[in-house]
Each structure stands twice: as structure tokens, then as C-alpha cells.
Amino acid sequence: MSRILVVDDAATVRMYHRKILGDAGWQTEEAINGLEALEKVHNQPADQPFDLFVVDINMPKMDGYAFVRELRRYTAAHQAPVMMVSTEAQRQDTFAAWEAGANCYLVKPARPQELVLAASLLLGDAQAAVKAAEGVKQ
Amino acid sequence: MNQTELLDQFILEARDCLEQAGQRLLEVEKNPDDKERLNDLFRMVHTLKGNCGLFEFKALETVVHAGEDLLDRVRNGTLGYNDVIADALLEAMDFTAQMVDEIEKTGQIAVEAAPRSQALSSRLRALLEPGATVSTPRAPVSAPAAPLPEAATASPLPSPEPVPPWVDALPPDWRSSPSTAVAWRYSPEPECFFKGEDPWLLARQVPGLLHLKSGTQAPWADLSTLDCYRCNLAFAGISSAPVAYLHEHFRYVPEQVEFFELSNLPDKAAATSMQATVGSPANAAMSSAEVADTATASPDERAQAVRELIFLRTLQIWEDQLIILGRPSPQPGVIQACRLAFKNLLHTLQELELPVSLQAQSSLAAINSVGALVSWAQTHRPSLDHPVASADTVSAAGGGPLTPDNSRRGGGGADDGAGHNKVLKVGQEKIDRLMDLIGEMVVAKNALPYLAQRAESVFQQRELAREIKAQYAVINRIAEDMQHAIMQVRMMPVGTVFQRFGRLVRDISKKLGKDVQLVVEGEDTEADKNVIEALADPLIHILRNSLDHGIELPEVRRAAGKPEQGTIKVVAHQESDRVFIEISDDGAGVNPTRVRDKAVERGLIPADKAATLSDAEAVQLIFLPGFSTAESISDLSGRGVGMDVVRTAVERINGHVDLQSTQGKGTRIRLSLPLSMAVTNVMIIEAGNRRFGVPMDLIVETVRVHADDIHHFKQARTTVLRGRIVPLRALHDLLALDESPLTNEDGEHAVLVVRLGSENVGLLVDHFHGATDIILKPLEGVLSGLTGFAGTALMGDGGVLMILNPKELV
């Protein structure tokens with residue numbers, strides 16, 4: 001089962017994302033900022049690494065950009081795609097997300113099915129993708 | 001999803017945020033320069049806003065969003081913190097607290113809250129105006145939101161951006177583009193050429209281009225004062241790509257580009273107001289139309305729509321990866337993460353049997369550098385042109401007749417399990433690719449003789465030149481064999497077209513009350529697939545003509561002393577590199593007198609000229625456009641689109657039609673077709689110091705004609721060749737070259753005799769050069785309007801040869 005780390009300082013958003021992604025059939029964990037997320041990556045079990053990070057941008061202590069930059073600095077560690085989810089719908093945030101190395105950028109609040117669709121494509125989960133796409137088309 | 005649980009969480013966190021924000025607000029008021037506190041305050045409001053967005057709490061979100069924008073401005077120092085701002089924020093917080101209470105009680109926000117929310121957010125937004133804080137805070141609602149452009153895009157104010165005049169000036173039909181599309185205008189700066197920019201290329205390569213037009217920034221100056229090195233071009237277009245992609249595309253010339261999202265058009269705004277996403281790669285493409293149109297669709301259509309959506313999103317994420325990899329010096333982990341993303345995207349496509357190239361997966365694993373990954377991703381970018389993976393796999397063909405519609409070459413002789421005669425089904429585009437490659441190879445190898453010549457003349461390396469020539473001979477032989485082998489793969493028996501004739505003849509003859517027997521010979525003769533496919537329609541037309549006009553009714557035939565049953569023969573055979581197809585009937589033949597009359601009656605030729613034509617020549621008149629001799633217009637043939645259509649179709653594939661008819665005995669039509677259309681043999685000629693190519697199959701002969709043997713009648717020049725008068729035209733005149741035709745030392749002109757339909761015309765040129773094989777590339781873009789040229793070809797020495805089309809030229 002794919003493992004996803006949800007990183008967001010807002011408890012409501014964390015709950016929301018974990019609910020949506022959990023309903024799609026994935027295992028989720030959470031971190032309240034970039035620093036905590038990095039710790040979790042550092043301590044992840046070798047046989048069960050995270051397969052995807054769903055990351056907010058604006059967070060205390062370490063924001064989303066810094067987290068991705070730090071994460072990508074490791075070559076040895078397992079590198080999973082990062083999906084940035086943020087309310088900052090402005091283009092400079094998209095650029096900054098790309099610059100930091102985030103693989104995908106979604107605007108919050110993302111429609112649940114769009115979020116799941118993007119996640120399933122990044123995870124390579126075809127069944128979930130079909131289900132989510134059907135949801136979008138409903 | 002358990003909505004109450006989430007709602008409880010929302011209320012809990014909202015109260016927490018409000019409480020902390022209230023504290024911070026008071027602290028900041030005491031100490032406005034405390035950046036740390038301000039940031040905290042901003043984040044509280046930001047979190048609150050984000051949470052509101054998860055629910056349909058519009059009234060609340062509007063106010064919180066306005067507060068966030070205001071705080072953002074204070075935080076980054078463009079706005080000074082003061083009492084007025086604090087008052088407005090506190091009032092907004094009170095309102096928020098009330099709303100949260102209401103949500104806790106009823107689970108929603110009553111509509112009555114909307115006006116107050118509007119008023120509050122207007123008041124907050126009015127404060128965004130620098131200087132507004134000193135005057136009364138009750139500023140008018142319609143005050144333009146922001147001095148900074150990025151704030152304008154983030155503004156949730158319902159009043160849309162005004163439509164700029166240049167958007168209004170775009171062609172009206174562009175407005176029918178999807179509402180998610182973006183209009184852009186690019187006005188390159190005058191000095192751009194000196195910076196090595198290529199504005200046209202940049203405009204052409206805009207991602208997701210739907211429409212593009214070019215114009216000028218200012219009216220063109222008078223020719224005498226025009227500075228052609230200064231750019232006066234302007235481009236405008238519509239793109240379906242998210243606006244962030246466009247910004248990325250134009251990142252080196254941002255000040256020269258303007259964007260306008262079509263969703264802001266008054267007539268589109270309503271449709272998209274529910275989707276206020278700005279510049280988000282993944283969301284922007286999701287229009288409400290895209291979502292809405294499937295409500296009534298059938299399950300099949302739905303499934304298709306789902307697959308399309310997945311494909312679209314995959315492509316968007318694919319492009320994202322390319323952009324990330326394209327940033328300067330990406331972190332080492334980025335490559336790994338992108339590679340994993342690509343791998344997973346491919347995996348999904350394959351699972352769903354969406355188009356994907358097979359080698360993509362296997363070659364991905366070994367890639368370790370950014371450059372290699374980028375070029376991999378560009379090569380294997382998913383495209384609907386790729387064959388679907390499952391159809392691409394090797395399978396034993398299950399017999400079945402091969403029709404021209406069946407794009408794959410399979411064997412009728414392959415029986416299941418026979419083992420010794422296995423057939424491989426291969427996508428046609430793979431064969432086409434091979435064909436293209438060998439075409440390029442043929443051209444590339446032609447560079448070797450030039451090289452040998454240079455080695456000898458420039459570097460005095462005779463030995464090396466000899467060796468190059470020897471090697472050229474080897475490569476030439478292999479290339480020719482290879483070309484032949486690949487052409488063989490594309491070959492199809494003409495019988496695939498003949499198959500349908502039996503039924504056609506039977507049905508039509510019955511309808512006409514005629515008794516006709518069809519004899520087919522040589523159906524195993526092979527020709528290139530494209531030639532065969534182009535042949536079907538002309539052949540059917542000829543057959544219908546024969547049935548309709550050629551074969552007489554049984555009683556007429558009996559009276560003429562012929563057997564009652566008429567015969568139509570279709571015979572195919574190959575002679576050197578051409579395929580001949582002959583359709584002959586033993587019918588009435590073409591009546592030359594009637595053809596002459598008709599041609600004159602229809603004004604196709606003048607009466608006096610018609611009278612001078614021999615019978616054999618008169619018969620050829622039926623190839624003229626708009627000719628039809630049918631007494632009554634039947635539904636089979638004789639609609640006035642007779643033989644000229646046949647001739648055009650055949651000539652399009654470099655073939656010829658030849659018609660012979662004996663009155664009372666019958667008609668014979670002979671089609672001469674090339675085996676293949678990929679490589680064209682041309683002869684190179686020279687006129688006015690320029691070289692041109694002429695397709696070999698049009699050339700009848702090359703002769704030397706003494707100037708004294710050229711007869712002048714007014715403007716026209718003719719000469720007599722083998723007892724026939726041949727009109728002469730100077731290629732120099734036809735191409736409007738300044739020079740006049742040269743003669744050699746003996747005073748002879750070089751004359752290239754070409755066949756134009758059934759007539760021969762001599763072209764005066766300066767010199768003949770050798771013949772060569774070329775890959776004919778049609779003229780494109782601006783040049784496509786040029787008549788007189790069939791296309792261009794790249795020569796072995798790197799030069800470009802213009803290929804003449806004598807039919808258009810003369």
C-alpha cells in the first residue's frame with residue numbers, strides 16, 4: 001500500500017487531506033511543518049518509505065519550499081514525488097514550487113477528486129486514477 | 001467522508017486561530033515593528049482562510065481573505081500598521097467569531113450574512129490603497145484593489161478585470177475558445193533581433209497554442225525609411241495552457257507580453273465564477289464545461305471521457321517535470337524524484353492501455369543525468385499519435401482478407417500454428433519512420449562524392465578521394481538494397497483494390513440492363529501502399545465510365561455483330577520501376593465527332609481549333625475539366641466530373657493516364673504508376689547560374705537544338721523534333737530570370753523536352769547536369785503559395801534544390 005505524508009500546519013487541512021487520500025485507499029501520516037516532515041523522512045523504515053508528499057507552502061519553522069529543497073539534497077534517501085498544495089494561487093508560487101523541485105502544484109482547496117487523481121498519477125495507481133477521474137466527471 | 005468530524009475540527013481550529021490572532025494583534029499594536037509577531041498573525045489568518053476554503057463558507061472566506069491580503073501588505077512593509085487597520089481587522093475578527101458560532105449551531109452560514117461580509121471586506125480592501133488609511137475608512141467599494149499587479153490576480157472581488165482593447169480586437173471566432181484559455185499579446189522590442197531573439201519562433205512555440213496571428217506594432221514605415229533590422233512585429237494568440245506555463249515560456253521577455261484569461265470575459269465569467277483558480281497548472285485546465293458535459297453521456301462516452309481526463313492530467317504533470325528539470329542546477333534528488341514520477345505516469349498509462357511508447361519504460365531506468373532525462377521525457381512525451389501499447393505487440397496474424405483500410409501489412413498466407421510462415425503485425429508509422437530514415441540516408445550518402453571531390457581539388461588528396469569514392473560505392477549499394485527492402489515491406493498487391501470490382505460490375509451492369517463480364521489479370525502485381533490506396537477511386541471511376549458509356553446494350557451489340565456479353569479487362573503488370581494498369585472494354589469506343597462538338601459547345605476549345613484536331617487528339621479532350629458526353633446524366637457517371645478527376649488523382653501520385661479508343665471496337669485506358677512515392681528521381685538543370693530539379697518521369701528527352709532551327713512566330717518559339725512541332729519556352733522567362741538562355745560553342749541551345757499531359761513542350765535551359773535521387777519536401781509556410789515549384793530537396797552538399805513543376809510553370 002502506498003504511503004503518503006501530509007504536511008500542513010492547519011489541523012483541519014491535514015484532516016481533510018488525510019481523509020480524502022485515505023478514502024482512496026492509501027496509508028497516510030502527517031507532519032505539522034517542514035522540519036517535522038524531514039524528521040519523519042529521516043526516520044522512515046527502509047522497507048516502507050513514503051511514496052508521496054502532499055505539502056503546504058506557508059508553515060512555521062520550515063516552509064514547504066525549504067522542505068522540498070532539503071529533501072532533494074539527499075541522493076541516497078528514497079526520493080518520492082512532492083505535490084505542493086497551497087492557497088497561494090499566484091504564479092510566483094508556482095515558480096517557487098518548481099524552483100524548489102516540487103513535482104506537481106495544486107491550488108487549495110483542490111477538489112477532492114482532482115487531488116486524488118494527481119496523487120494517483122504520481123503514485124502510478126491506475127485504479128485510483130480511474131475512480132478519481134470518474135468522480136471528476138460526475 | 002465524515003463531514004461533522006471535519007466541521008468540528010474546523011470550528012476548533014478557527015476558534016484557536018481567532019484567539020491567538022486576537023492576542024497577536026494587540027501585541028503588534030504595541031510593537032508594530034515586531035516582524036515575528038506579524039508573521040504569526042498573518043499565518044493565523046492564512047490558516048483560517050485556507051480552512052474556510054474547504055467548505056462553502058463564502059461569506060466568511062471573503063472577509064478573511066481581505067484581511068489576509070491586508071496583513072500580507074503590512075507584513076512585507078508596503079503598508080504601515082496603524083489604528084485604522086487594527087480597527088478594521090478587529091471588526092472582521094468579531095464577525096468571524098459570530099460566523100463560527102453560527103456554523104457550530106446550524107452547520108452553515110445564513111444568506112443574510114452576505115451584505116455584511118461584503119461591507120467588511122470592502123472596508124478592508126479600501127485600506128489596501130496607500131494613503132487610504134488617513135482618510136475615512138468607508139471608501140467606495142469599487143476602488144481598484146491594488147497598486148501591485150500580483151494582488152490584482154489574487155483579488156476575489158466580484159468585479160472582473162476590464163477587458164483590454166487588444167483582447168476586444170482579437171478575431172471574434174477566437175472567443176469560442178474554452179473559457180480556461182488565455183489570450184496573450186507579444187510585442188517584441190525593436191532591438192530584439194540584435195539580442196539573438198527569434199520572436200516568431202517564440203510565438204509559434206507557445207504551449208497549448210489554439211490560435212495565432214501576427215501583425216505590426218505600428219504601420220509600416222515608408223520603404224525608403226524602413227529599418228528592416230528593427231522589429232515591428234506583434235503577435236497575438238490564444239493558448240489552452242495554464243497561464244503559469246505562458247509566463248514560464250515568455251520568462252525572458254516578460255515586459256513585452258500581456259495576458260488575459262478568457263474566463264474574465266463578461267460572457268464567460270458567469271460560467272467560471274465557481275472556479276476562481278489562477279495560474280494553477282493542474283486546476284486551470286479543469287473548466288466547468290469539461291465537468292458538466294458528461295451528465296447525459298453514455299457509459300462508453302463516460303469511460304472515454306475518463307481516459308481522456310487521465311491522459312490530459314498525465315500530460316500536465318509530465319510538462320511540470322520537464323519544467324522542474326529545466327531549472328538551473330536542480331538538486332540531485334530532483335532527478336530521482338522526477339524519474340520516479342515519470343515511471344509512475346507511464347505505469348498508469350500502460351495499465352489503462354493508453355498510448356505510450358514501449359521503449360520508454362526500459363530506457364528510463366538507466367538515466368542518471370538531467371540532460372538525458374530531459375531528452376528522454378521529450379522523446380517519449382505521451383501523445384495520442386503513439387500506437388496503443390497492446391496493439392503494438394507482436395501477434396500472429398489470423399488470416400483474413402487484406403483490405404486497403406487495414407493499415408497493417410498482414411499476410412493472407414499466415415495460418416495459425418503453421419509455424420514456418422509467421423507474420424509480424426507492425427504499426428504503419430514504424431514502417432513510415434524506416435522509410436523516412438532511409439530517405440535521409442539516401443540523401444546523406446550523396447554527400448560523399450562531394451567530399452571526394454573536395455579531397456582531391458582542395459587538399460590534393462587523390463588517394464583519399466579514391467578511397468572515399470570506393471567506400472561511397474559500398475554504402476550506395478547497401479543503401480539501395482535497404483531502400484528496396486523497406487519498400488518491399490510497404491508493398492501491397494493491387495488485387496486488394498481489384499477485389500471490389502466484381503461486385504461493382506455486377507451491380508451496375510444489372511442496373512443498366514447490360515451483360516458484362518469482368519476479366520482481371522495480374523492482381524499479384526505489387527505497388528506501394530500509398531499508390532494502391534490512391535488508386536481505388538480513379539479505377540472505380542474508369543470502370544463506371546466503361547460500364548455506362550462504353551459497353552452497349554445487348555441488342556445494340558447484336559446489331560453491330562458483337563457478342564451480347566461485353567467484356568471489361570483489368571490487367572496489371574510491372575515494367576522496371578513502374579506499374580501499369582490497363583482497363584479495356586470492347587464497347588462502342590469514344591466518338592471523336594461527338595467529343596469535338598461537346599468540347600466546342602461547352603466552350604472548352606474554340607471551334608476552329610477543334611476542327612484541326614485528329615481523331616486521336618480529339619478523344620483526349622475528355623480529360624478537360626468539366627467535360628461530360630453522357631446524353632442523360634445517370635447516377636453512375638457523367639456528372640461532369642469525368643476523366644479530369646481521374647487524371648488529377650493519378651498525376652498526384654506521379655502517374656500518367658493514357659487513353660486510346662477505336663470507334664466501334666472499344667476503349668483502352670492505361671495507367672502508368674510509380675512503384676513508390678518516397679524517393680523521386682530528378683534531373684538537375686541550370687538556368688541563369690541557378691540549379692533546378694525536374695522530376696525524371698516528366699522528362700521525355702534532352703536535346704541540343706541549334707539557334708537557327710528555332711522558328712519564331714510573334715512571341716512564340718517552336719522547333720521540329722522527329723517530324724513533330726514542339727513549342728519552346730525559355731525557363732529564364734518562365735522564372736522571370738534576368739539572363740537569357742545560353743548556347744554552347746556550336747550555337748546550340750540545351751532543350752529539355754517535358755511531357756505535359758499528352759503534349760510535349762521544350763524548355764530552353766543553359767546546361768544539363770546529372771540525375772539524382774532526392775526526397776521531395778513540399779513547400780511550407782509562406783512559400784506554399786508559390787506556384788511552379790513541386791517542392792525542395794536537400795542536396796548532399798548541404799544546398800537546397802528547388803524542384804520545378806513544369807505543369808504549373810508553362
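The values are calculated or read from the model by the stated rules, or taken from the named source; none is laboratory data. Since the structure is predicted, the reported quantities are computational estimates derived from the model, not experimental observations. Every residue, glycine as well, gets a Cβ built from its backbone with ideal geometry; the counts of neighbours run over all protein chains shown.
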Next on the checklist: Testing B:G770 on (1) of a type outside the set (A, V, I, L, M); (2) surrounded by 15 or more Cβ atoms within 10 Å (Cβ to Cβ); (3) part of a strand (DSSP E or B), one condition comes back false. Which one is that?
Outcome noted: (2)
Next on the checklist: Residues that are out of contact with any Pro (no Cβ under 9 Å at 6 or more places or on another chain), under 30 Å from B:E526 (Cβ atoms) and not assigned by TED's automatic domain parsing to the domain that holds B:E582: does segment B:700-710 have at least one?
Outcome noted: yes
Next on the checklist: Of everything in segment B:557-568, what is out of contact with any Lys or Arg (no Cβ under 8 Å at 6 or more places or on another chain) and either buried (at least 17 other Cβ atoms within 10 Å of the Cβ) or under 13 Å from B:K665 (Cα atoms) (or both)? Give them in sequence order.
Outcome noted: B:R557, B:A560, B:G561, B:K562, B:T567, B:I568
Checklist outcome for this item: Of all helices (runs of 4 or more DSSP H) fully inside segment B:520-615, the set with 2 or more residues that are modelled with pLDDT under 85 is B:529-545, B:592-601, B:607-612
Item to check | B:I475 vs. criteria touching a Lys or Arg at 6+ places or on another chain (Cβ under 6 Å), under 22 Å from B:G770 (Cα atoms) and touching a residue at least 12 places away in the same chain (Cβ under 8 Å) | outcome: yes
Checklist outcome for this item: Filtering segment B:787-799 for residues that are over 25 Å from B:A455 (Cα atoms) and surrounded by 12 or more Cβ atoms within 10 Å (Cβ to Cβ) leaves a count of 5
Item to check | Subset of segment A:1-56 that is of a type in the set (A, V, I, L, M) and in a strand (DSSP E or B) - its residue that is farthest from A:F67 (Cα to Cα) | outcome: A:I4
Next on the checklist: Tell me yes or no: at least one residue of segment A:19-34 is among the polar types (S, T, N, Q) and within 13 Å of another protein chain (Cβ to nearest Cβ).
Outcome noted: yes
Checklist outcome for this item: Among B:P332, B:P281, B:P355, the single one that is within 7 Å of chain A (Cβ to nearest Cβ), farther than 18 Å from A:L122 by Cβ, modelled with pLDDT under 80 and in contact with a Ser or Thr (Cβ under 9 Å, 6 or more places away or on another chain) is B:P332
Checklist entry - Can you tell me how many residues in segment B:606-618 are more than 20 Å from B:R668 (Cα to Cα), surrounded by fewer than 17 Cβ atoms within 10 Å (Cβ to Cβ) and touching a residue at least 12 places away in the same chain (Cβ under 8 Å)? => result 1
Checklist entry - Going by the structure shown, is B:I551 assigned by TED's automatic domain parsing to the domain that holds B:G589, touching a Leu at 6+ places or on another chain (Cβ under 6 Å) and over 22 Å from B:N654 (Cβ atoms)? => result no
Checklist entry - In segment B:751-771, is there at least one residue being of a type outside the set (A, V, I, L, M) and farther than 25 Å from B:T719 by Cα? => result no
Checklist outcome for this item: Within segment B:2-55, residues facing chain A (nearest Cβ under 10 Å), within 27 Å of B:E112 (Cβ to Cβ) and of a type in the set (D, E, K, R) come out as B:D8, B:E13, B:D16, B:K49
